[in-house]
Amino acid sequence: MTERAIEQPLTIVLEDGEDILECLKKAALEQDAKEFKITDINGSWKEGFMNYFLKNQFKSRKSFETERITAGSGKFTRDGNDYTGDLKIVVALGNQRINGNLLEGKAAKELTIKIKFPKFLTENASENAENAL
């Protein structure tokens, strides 16, 4: 029997106050994903911490207010029962956009994260999946 992978999409909806990274990792563990990529983020964050570069200087900032995330991406790989990787976000502060790594943060109101991960199918399972379409 041979294995074949298909790219499986998953949408994760976080409610106000939920930890972004913990919910992301928990959802991936529930799907038994070996790795996953973040394809889209829509919503806001609060009470978070991020690192970024501004004019060739490494900076860190703490978010005390609710801020809109205008874009996001990243890749995580499973390491035992945890994942390692980076979640990159873009936050608009006035006329300036800051692109950096989210180190911690909570969802503000509702935050939607879309991910994709490879799902491995056996030859028989992949034939059944194709026939179902």
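The values are calculated or read from the model by the stated rules, or taken from the named source; none is laboratory data. These figures come from a predicted structure and were not determined experimentally. Glycine gets a Cβ as well: all are built from the backbone with ideal geometry, and neighbour counts include every protein chain shown.
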Just give me the residues in region 41-60 being of a type in the set (D, E, K, R) and surrounded by fewer than 16 Cβ atoms within 10 Å (Cβ to Cβ), in sequence order.
Lys55, Lys59
Is region 83-104 home to any residue that is touching a residue at least 60 places away in the same chain (Cβ under 8 Å), over 21 Å from Ala33 (Cβ atoms) and either assigned to a strand (DSSP E or B) or of a type in the set (A, V, I, L, M) (or both)?
yes
Pairs, first closer than 18 Å to Asp19 by Cβ in region 46-60, second among the basic types (Lys, Arg) and surrounded by 12 or more Cβ atoms within 10 Å (Cβ to Cβ), C-beta under 7 Å, six or more apart:
Lys46/Lys106; Glu47/Lys106; Gly48/Lys106; Met50/Arg61
Checking the structure you have, find out if any residue of region 93-109 is at pLDDT 95 or above and under 30 Å from Glu3 (Cβ atoms).
no
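Working carefully through the options Phe53, Phe58, Phe76, Phe49, find the one that is touching an Asp or Glu at 6+ places or on another chain (Cβ under 7 Å) and either at pLDDT below 95 or over 18 Å from Ala5 (Cβ atoms) (or both).
Testing whether each residue is touching an Asp or Glu at 6+ places or on another chain (Cβ under 7 Å) and either at pLDDT below 95 or over 18 Å from Ala5 (Cβ atoms) (or both) leaves just Phe49.
Residue by residue, here is whether (1) crowded, with 16+ Cβ neighbours inside 10 Å; (2) at positive phi; (3) small (Gly, Ala, Ser); (4) touching a strand residue (DSSP E or B) at 6+ places or on another chain (Cβ under 7 Å) holds:
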residue: Glu15; (1), (2), (3), (4): no, no, no, yes
residue: Asp19; (1), (2), (3), (4): yes, no, no, yes
residue: Ala28; (1), (2), (3), (4): yes, no, yes, yes
residue: Asp32; (1), (2), (3), (4): no, yes, no, no
residue: Arg68; (1), (2), (3), (4): no, no, no, yes
Hey, any hits in region 21-29 for a residue that's part of a strand (DSSP E or B) and of a type outside the set (Lys, Arg)?
no
Scan region 61-82 residue by residue and report those that are part of a strand (DSSP E or B), more than 14 Å from Ala28 (Cα to Cα) and touching a residue at least 24 places away in the same chain (Cβ under 8 Å).
Arg61, Ser63, Glu67, Arg68, Ile69, Thr70, Ala71, Gly72, Ser73
Among the numbered criteria (1) of a type in the set (D, E, K, R); (2) exposed (fewer than 14 other Cβ atoms within 10 Å of the Cβ); (3) in contact (Cβ under 8 Å) with a residue 40 or more places away in the chain, which one does Lys37 miss?
(2)
